[in-house]
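Here is the structure we will look at, set down as structure tokens.
Laboratory data are not the source of any read-out in this text; all were calculated from the coordinates shown. Keep in mind the model is a prediction, meaning the values are calculated, not measured. Cβ coordinates were reconstructed from backbone atoms using ideal geometry, including for glycine residues, and neighbour counts include every protein chain displayed.
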Amino acid sequence: MFHRIRRRAKEPEAQRRFFELSEQMQLQGQVPPEVDRVRADLEHAVPTAAVDDFLPPELRVPSHDQVAGRITSWTQPLVLDGEMVACATCGTYRDWLILSARGQIWLRCRAGHQQHEPRLNTAWYNRHTGPADATHATFEDCLRHLGH
């Protein structure tokens, strides 16, 4: 580790000396033969056609601003601030769907009751979920995909 730190400290000095030598060579009219060869190669180079390197539309993943929200399943009990979260309507405390939409987090129980959870935010959601395995056109399609 200290080896890298010492090397970094010496790099600016080496760069300064390189630039000084380059300036001296230019003032004296000395140019290495490789420079002339590279310049000639560049002048005679045939321009290549531009290639579209983007994925085809069917393989592109929508960006965060093209998606209305994201959902993940959470089978174990959800504990926030030392308190187990339970559904306000039916009292269920496990097997949640966690919805992230417009900067808010919503919890949905197996019975279909939804409640806003202000103690959670998008950063928490991003830390605790993996990459999306599918995209769906409707909310109902997503629920079917997740088995709800």
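Key figures for this structure:
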| read-out | value |
| --- | --- |
| Cα-centre dipole for the range 63-145 with unit charges at Cβ (Lys and Arg positive, Asp and Glu negative), debye to 20 | 40 debye |
| Relative compactness, the chain, computed as alpha-carbon Rg over 2.2 N^0.38 Å | 2.01 |
| Cβ-placed point charges (K, R +1; D, E -1), dipole of the chain about Cα centre in debye, nearest 20 | 720 debye |
| Under Karplus coefficients 6.51, -1.76 and 1.60, residue-wise ³J(HN,Hα) of the range 74-90 in Hz, glycine/proline x | 9, 7, 7, x, 9, 10, 10, 6, x, 10, 7, 7, 10, 5, 5, 9, 10 |
| Between helix 33-43 and the chain: long-axis angle, C-alpha atoms, 0 to 90°, nearest 10 | 60 degrees |
| Cα-based equivalent ellipsoid of the range 87-148: semi-axis lengths in Å, sorted from largest, via gyration tensor | 18, 17, 10 |
| Mean separation of Cα contacts under 8 Å, 6 or more apart, over the residue count of the chain: relative contact order % | 12 percent |
